[in-house]
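> Next up is a structure, given as structure tokens.
The values are calculated or read from the model by the stated rules, or taken from the named source; none is laboratory data. None of the values given here were measured: they were computed from a predicted structure. A quick note on method: Cβ atoms are made from the backbone with ideal geometry, for glycine too, and the neighbour counts reach across all protein chains shown.
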Amino acid sequence: MADTSLSQTEARSAPAAPPRVGRIAGILHRNETLRGYLLMSPTMLIMTIGILVPFLILLVMSFWTREGFGFDTTLTAHNYTRVWNEPIFGALLQRSFWISGVATVVTVALCYPMAYYVAFHVHRNKMMWIILMTLPFWTSYLLRVFAWKVILGYQGVINSGLMSVGVIEAPLEFLLYSQTAVIITLAHAWAAFAILPLYVSLEKIDKSLLEAATDLGDGPMARFFRITLPLSMPGIIAATFLIFIPTTGDYITPALLGGPDGAMIGNFIQLQFGAINNWPMGATLSIVLMLWISAIALVFLFVTRKAQERIA
Amino acid sequence: MDVVDQLGAVREGKLSRRKFTKGLLAAGVAMATMPATSRRAMASVDDEATFFTWGGYDIPELFQPYEAKHGTPPNFAIFGGSEEALTKMRGGFVVDVAHPCNSGMPRWVQSGLFQPIETSRLSNWADVMPELVALPGNDAEGGNVWMAPFDWGQTSVTYRTDLYELEGEESWDMLWDKRYAGRLGSLASGGDAWWCGAIKAGVAMEDIATEEAFTKIAAVMREQRPLIRVYTDDTTTLEQALSSGEMAAAMTWNSSAVLLQSEGVPVKFARPKEGALTWVCGVMVHKDAPNLDRAYDVIDSLLSVESGQFMINDYGYGHSNRKSFDAFNEETLAGLGLSKNPQEILEAGHMQRPQTQEWETRMNETFEQIKAGF
């Protein structure tokens, strides 16, 4: 299909200005790098305007300090030393990593069997299954968070259900406005980001390898740990990153469900740009968060690669 | 493609994957384009004035005259605290009319983001209570004002009369009551909570900026923090929690108690022996207000008797139009903690005072750290 359309356009434009097109086409044909950059250029443009420039602004601002309502633009590492010295920032970072780490592990652990089932045991209408699994995620993120508020609430679905059955006498208060609530909600809200990469990597596994393992005497468990798990590792790693990185800085879930003890670094960054009105500090916190996430991601990559090598 | 037909096909198991995907695609396209088409249908949205206000004021009931004139209420943008609102506007957010309170007003004026209100353009101005206009820092050039007063009221404790066992008199101690740990709520904005902390700590309002006051208030706020189930700017959250019994007492404004009472929830808006926190809020016009004429219509609408009667009757707030009170007898007003003479109420409590920007920022920073557990 692509081939025919290409030749068609060439055929159509060729009589209009043959030498010129020929030259450009020639350059493009010979220079593979240029072709690559050209293909990437729309994305690169958006990345530059939408990500690189704001990032640079953030970086520069993080070295400024607040002065009344304005900024003192002399460059100083004052904010960074504050982040290092004052315990509140470290504690909030730690809490964020803990909450989103647990949420990531729970999500991947819960989604793996689902993806596994569709990849290996569903033979007809796979697409339909995937769509059905991701259907809840077609609703807005905010709505899902609010739905969990209703489920976990004081007179929510869980509490009133348990009370009517007679398991508990008074509503469970730890369900809402706690770290537990944030973890549960994050684990559900980001499930789609785990199911899809896991499914793709599991689906790609060559079934004859599994048959070979069985032929060579592996039981189902050994077969899973020696073949399926290592080969689906890319999916697990992708899912982990896709969930861990955005949830660490999540703002709306802890804001609505976290209560005083469930606040995360994202909420504090928001406050710096809002009520506390210290934009440079907010910028610094964002940069520090990014650095920490990168560091953790690198360590995770390194560890999984080592583990994979050992298995292989 | 017929929707009913498709549903039938699904039921009979005859729907092919391609057809199903096609149906989904059609639904997706329809959903994605819906906002675009409906927005185009309401092309007038951009022509309406935008009112930047606290949650709960974004209701058509307060804009009956505006709606009568323009056919639709103004646009709304919501903030949780006035400091947040000011920061947002400093960041470049342009609205027509914003809703600060007396303690923030001088700082809002200093920010240079607002224009004086020409009182001659307001048809209801003659009925506005002069004592509410004469706030410190409110007079602009030529007899105009910066802020047109709109509502006044109190911040106090709303408690469940059936769940909260009162010991002695009503007092701010109720929100520091260890018996109800985890069943108390508070407003999240330092603009309310910190001042209430000052009353609890016994700091006089005129001394609130001293170093000693800071230490004292921070100490009581830290003491309170483990007892609080949730700090929120969303009054609905507090109201729901009080109505379900999740909370036994919470710091609220007048409206929460009145709303809950009207729904038959046994609550009371306490009159703490130390005095409640009192405030006057009003509206200011942004200097770059894109719809200035309609901005004046918003203000006029807020100052109207219709809005005033709604404010008093449904929210239990005081209003700035003296005629609004005519429909109510003294008894009803006293029951709501209001009076035709606002000075009486405002002075009986602790009235918020304007503070410097440095104080405001430091207070917010300290309070946010305390809320985060430090």
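> Quick check on region B:55-67: of everything there that is assigned to a loop (DSSP other than H, G, I, E, B), in contact (Cβ under 8 Å) with a residue 40 or more places away in the chain and on the phi < 0 side of the Ramachandran plot, which residue is surrounded by the fewest Cβ atoms within 10 Å (Cβ to Cβ)?
Taking the candidates together, the pick is B:Gly55.
> Among the residues of region B:256-276, how many are under 14 Å from B:Asp162 (Cα atoms) and either in the same structural domain as B:Ile312 (by TED's automatic domain parsing) or out of contact with any strand residue (DSSP E or B) (no Cβ under 8 Å at 6 or more places or on another chain) (or both)?
Final tally of qualifying residues: 1.
> Quickly run through region B:68-94 and pick out the residues that are assigned to a helix (DSSP H, G or I) and either surrounded by 15 or more Cβ atoms within 10 Å (Cβ to Cβ) or within 14 Å of chain A (Cβ to nearest Cβ) (or both).
Matches in region B:68-94: B:His70, B:Ser82, B:Glu83, B:Glu84, B:Ala85, B:Leu86, B:Thr87, B:Lys88, B:Met89, B:Arg90.
> Need the failing condition index for B:Ala204 against (1) more than 12 Å from chain A (Cβ to nearest Cβ); (2) of a type outside the set (Asp, Glu); (3) under 25 Å from the mean Cα position of the chain (by Cα); (4) under 29 Å from A:Tyr154 (Cα atoms), just the number.
(4)
> Name the residue that is nearest to the chain's Cα centre (by Cα), counting only residues in region A:53-74 that are over 29 Å from B:Met363 (Cβ atoms) and surrounded by 12 or more Cβ atoms within 10 Å (Cβ to Cβ).
A:Phe55
> Looking only at residues in region B:362-374 that are closer than 23 Å to B:Val109 by Cβ and surrounded by 21 or more Cβ atoms within 10 Å (Cβ to Cβ), which one is nearest to the other protein chains (Cβ to nearest Cβ)?
B:Asn364
> Would you say A:Ile183 is within 21 Å of A:Pro246 (Cβ to Cβ) and more than 13 Å from chain B (Cβ to nearest Cβ)?
Answer is yes for this residue.
> Does region B:315-326 contain any residue that is loosely packed, with under 15 Cβ neighbours inside 10 Å and either over 25 Å from B:Thr50 (Cβ atoms) or without any contact (Cβ under 8 Å) to a residue 12 or more places away in the chain (or both)?
Yes, region B:315-326 contains a residue that is loosely packed, with under 15 Cβ neighbours inside 10 Å and either over 25 Å from B:Thr50 (Cβ atoms) or without any contact (Cβ under 8 Å) to a residue 12 or more places away in the chain (or both).
One line per residue, one yes/no per condition, for (1) outside any helix (DSSP H, G or I); (2) among the hydroxyl-bearing types (Ser, Thr, Tyr); (3) in contact with a His (Cβ under 8 Å, 6 or more places away or on another chain):
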| position | (1), (2), (3) |
| --- | --- |
| A:Thr76 | yes, yes, no |
| A:Thr81 | no, yes, no |
| A:Ala91 | no, no, no |
| A:Ser96 | no, yes, no |
| A:Gly101 | no, no, no |
| A:Val105 | no, no, no |
| A:Cys111 | no, no, no |
| A:Met114 | no, no, no |
| A:Tyr117 | no, yes, no |
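> Across region B:209-250, what is the number of residues that are buried (at least 24 other Cβ atoms within 10 Å of the Cβ) and more than 14 Å from every other protein chain (Cβ to nearest Cβ)?
Looking only at that region, the number is 2.
> Are there any pairs, at least 6 apart or on different chains, whose C-beta atoms fall under 6 Å, with the first in region A:255-274 and facing another protein chain (nearest Cβ under 7 Å) and the second of a type in the set (A, V, I, L, M) and part of a helix (DSSP H, G or I), and if so, which?
Hits for this filter: A:Phe268/A:Leu92.
> Just to be sure, is B:Glu358 modelled with pLDDT under 90, within 14 Å of another protein chain (Cβ to nearest Cβ) and either assigned to a helix (DSSP H, G or I) or surrounded by fewer than 18 Cβ atoms within 10 Å (Cβ to Cβ) (or both)?
Criteria met by B:Glu358.
> Hey, among B:Glu131, B:Glu167, B:Glu141, which residue is surrounded by fewer than 19 Cβ atoms within 10 Å (Cβ to Cβ), touching a residue at least 40 places away in the same chain (Cβ under 8 Å) and among the charged types (D, E, K, R)?
Answer to the check: B:Glu131.
> For A:Asn278, work out the one condition from (1) touching a residue at least 24 places away in the same chain (Cβ under 8 Å); (2) away from chain B (no Cβ under 14 Å); (3) touching a helix residue (DSSP H, G or I) at 6+ places or on another chain (Cβ under 7 Å) it doesn't fulfil.
(2)
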